[in-house]
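The next block holds one structure in the form of structure tokens; read it before the comments.
The values are calculated or read from the model by the stated rules, or taken from the named source; none is laboratory data. Please read all numbers here as calculations on a predicted model, not as lab measurements. Here the Cβ is made from the backbone with ideal geometry for all residues, glycine too, and neighbour counts use every protein chain on show. The area values use the complete protein model at the heavy-atom level, side chains included, leaving out ligands, DNA and RNA. Shrake-Rupley method; radii C 1.70, N 1.55, O 1.52, S 1.80 Å.
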Amino acid sequence: MATTTFFSSFLLLLLLHLAISAHSIGINYGTLGDNLPPPATVANFLKTRTTIDRVKIYDVNPQILQAFANSGISMTVTAPNGDIAVLKQIDTARQWVVSHIKPFHPQTKIEYILVGSEVLHWGDADMIRGLTPAIRTLHAALLAEGITDIKVTTAHSLAIMRSSIPPSAGRFRPGYAKHVLGPMLKFLKETRMPFMVNPYPYFAYNGKNVNFLLFRPNRGLYDRYTKLSYTNQFDALLDAVHSAMKDLGYGDVDIVVGETGWPSVCDGWDACSVANAQSFNGQLVKHLASGKGTPLMPNRTFESFVFALFNENQKPGPIAERNWGLFQPDFTPVYDCGIMRNGQNVAPAKPAPAVGGGKWCVPKADANDAALQANINYVCSQGVDCKPIEAGGVCYAANNVKALATYAMNAYYKANGRHDFNCDFSNTGLITTTNPSHDKCQI
């Protein structure tokens, strides 16, 4: 009897440990800043000071991958949208794996490779058509190179949704559902890989629904079709995605949350504050750790990545774009959201000196519009904020590809440290000391 009791207690503790491990939180590690700490310092900080055990990056940065070797932290890397065409061919896909993955695997624990980022939102028609074939081919390339423990998928913004209210009526946009998402989900189901989405309750803010968005007590949302009630927008968005997947016959494919978060500072908009960001991310961490799932997916766990690790001072666009981070570049917490080990405080480190700049990256005079449009598409697929050159943006110039490319190319150049080689753009860019800013468009 004593032996049975001991075994039962041990099993209970083991299951509790596994449950806690399964609900640990991930983070998006962006690098659009000129004062960020070295990757090795970041890896050590996350490993020793936080409960974060998985990191997602927006490229295949070799310095970052090397820094996280033997750290025990799982990595998700991203093949840029511009690589989709290359990854559709098995020979070039294998070479991509040899160049970007094999030098670091398995010392660096790479869990996922994402083919592009929000391709259905930002990509052109060729990228969208090539997305699922590229995912299939990259998976085959990994197997051909003897790598069987890395999953391949892609991350979607919720622009893929036609409807999401009520959650049970969630449906994908028809064209995407039939031609892209259906075939993709079929492949993900066959290979037991997850469907990744980026749900942001923040973007639904209207001043009246703040409690529902921030996991605070509220009247909730009632789905009259399922008779289920929702107490927060995060669950409602996930269930809308699940309903859309189920409508295509793939409700059993796992869902991973690639990005979600809340900025702490805005351009005067009352949605943004340290209190709101702390409420959302702090309650999100607790909600995920509870393991209770959502009304349509009870007791289902969701691997999730908060956006973002740092406030990144070189992200273009509104102030909010530079204030999504949980930490300042010196590791000072912007607020406490419950991810520090044992509640420990973090002593600020000396920040790296800021990098100045009296140089700009602009298109060459003889660069044609097709090449410049390709540059714009590439930059906007790399995590650089392209809102200023969208219709209504301060740098938008209708039918002037060169003006749009000037903003995009320089934004990429700045975001990557102002190295001359970051202005090559297949020999269509050049460095100038003349500031191309004009009117309200600051470049």
The chain: relative contact order from alpha carbon pairs under 8 Å, six or more residues apart, as a whole percent, is 16 percent
Region 197-251 and region 25-104 have their Cα centres apart by a whole-number Å value of 31 Å
With DSSP loop assignment and no more than 16 other C-beta atoms within 10 Å, the trypsin sites (Lys or Arg not before Pro) in region 212-246 are 219, 224, 227
The extension gain from residue 297 to residue 69, computed as 0.36 nm times the residue separation minus the Cα-Cα distance, is 78.6 nm
Rounded to the nearest 0.05, FRET efficiency between residue 274 and residue 209 (Cβ-Cβ, R0 22 Å) equals 0.65
Of all DSSP beta bridges having both residues in region 22-327, the percent classed as antiparallel (nearest 5) is 20 percent
Whole-Å distance linking the alpha carbon centroid of region 118-167 with that of region 305-329 is 25 Å
Expected unfolding gain across residue 370-residue 191 under the 0.36 nm per residue rule, minus the alpha-carbon gap, is 60.7 nm
Regression test value, accessible area per residue of the chain, probe 1.4 Å, units Å², expected 46 Å²
Here the equivalent ellipsoid of region 22-327, derived from its Cα gyration tensor, has semi-axes (largest first, whole Å) of 29, 25, 18
Computed about the Cα centre, the charge dipole of the chain from +1 Lys/Arg and -1 Asp/Glu charges at the Cβ has a magnitude in debye, to the nearest 20, of 820 debye
Along the dipole axis of region 22-327 (charges at Cβ: +1 for Lys and Arg, -1 for Asp and Glu; origin at the Cα centre), the most positive-end residue among 204, 147, 85 is 204
Of region 157-183, those with amide N under 20 Å from the point 7 Å along the Cα→Cβ vector of residue 219 are 165-168
When the charge dipole of the chain is computed with +1 at the Cβ of Lys and Arg and -1 at the Cβ of Asp and Glu, the Cα pointing farthest to the positive end, of 159, 358, 374, is that of 159
